[in-house]
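Written below as structure tokens is the structure these notes are about.
The values are calculated or read from the model by the stated rules, or taken from the named source; none is laboratory data. Note that this is a predicted model, so its numbers are computed, not measured. Here the Cβ is made from the backbone with ideal geometry for all residues, glycine too, and neighbour counts use every protein chain on show. Note: areas computed on protein heavy atoms with side chains; ligands, DNA, RNA excluded. Shrake-Rupley method; radii C 1.70, N 1.55, O 1.52, S 1.80 Å.
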Amino acid sequence: MFAQLVPVHGGDPITIDKDVTVVGRQAEHCDIVLDRKSVSKIHCIIAKTDGLLFVRDLDSTNGTKVNGQRIIRGALLPGDQLAFAGEKFRVHLGPAPAAPLPPAAERTEALPAFPPPASEHFDPASSKSSSVERMDDDGVAGDLVE
């Protein structure tokens with residue numbers, strides 16, 4: 001499962017790669033570092049399991065909120081807003097984005113030139129028949145016409 005926190009007010013999304021991600025201000029102990037005084041040194045954890053994200057506040061001073069509600073722990077759904085103190089993010093869950101395609105020159109293969117197929121021309125003059133078989137209305141062959 002691909003999970004990202006997309007900053008509400010713009011900025012680069014944060015990809016959640018680990019099964020347990022620590023969020024906080026202290027770089028030596030946290031996987032996601034938010035350098036703001038309103039964020040606690042070790043603010044919360046985000047756990048990724050069975051295609052879901054769970055968040056647990058670690059007794060932070062300014063709290064963790066999901067969709068505006070202060071939580072102790074809870075599940076995160078796609079599109080939820082997750083806030084650590086004043087830092088707000090939109091939760092993105094789903095398939096990993098497709099890998100970018102290589103440039104056209106690297107993915108296009110030139111095919112060898114083939115001569116066009118010899119066309120068979122129909123010449124009505126050379127296909128005259130000396131006799132024609134007639135069919136009656138019942139589909140039975142009748143007299144030959146010359």
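Okay, here's what the table says:
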read-out: For S38: the one exception among (1) open to solvent by 40 Å² or more (accessible area, probe 1.4 Å); (2) at negative phi; value: (1)
read-out: Pair list, Cβ under 6 Å, 6 or more apart: the stretch 3-16 residue in a strand (DSSP E or B), other residue open to solvent by 50 Å² or more (accessible area, probe 1.4 Å); value: Q4/P13; Q4/T15; Q4/H92; V6/P13; V6/R90; V6/H92
read-out: Tabulated pairs, the stretch 47-75, first more than 18 Å from M1 (Cα to Cα), second surrounded by fewer than 13 Cβ atoms within 10 Å (Cβ to Cβ) and of a type in the set (A, V, I, L, M, F, W, C), C-beta under 6 angstrom, 6+ apart or interchain; value: D57/I72
read-out: Among residues of the stretch 41-64, those that are farther than 15 Å from V20 by Cβ, out of contact with any Asp or Glu (no Cβ under 9 Å at 6 or more places or on another chain), open to solvent by less than 80 Å² (accessible area, probe 1.4 Å) and not hydroxyl-bearing (S, T, Y), counted; value: 2
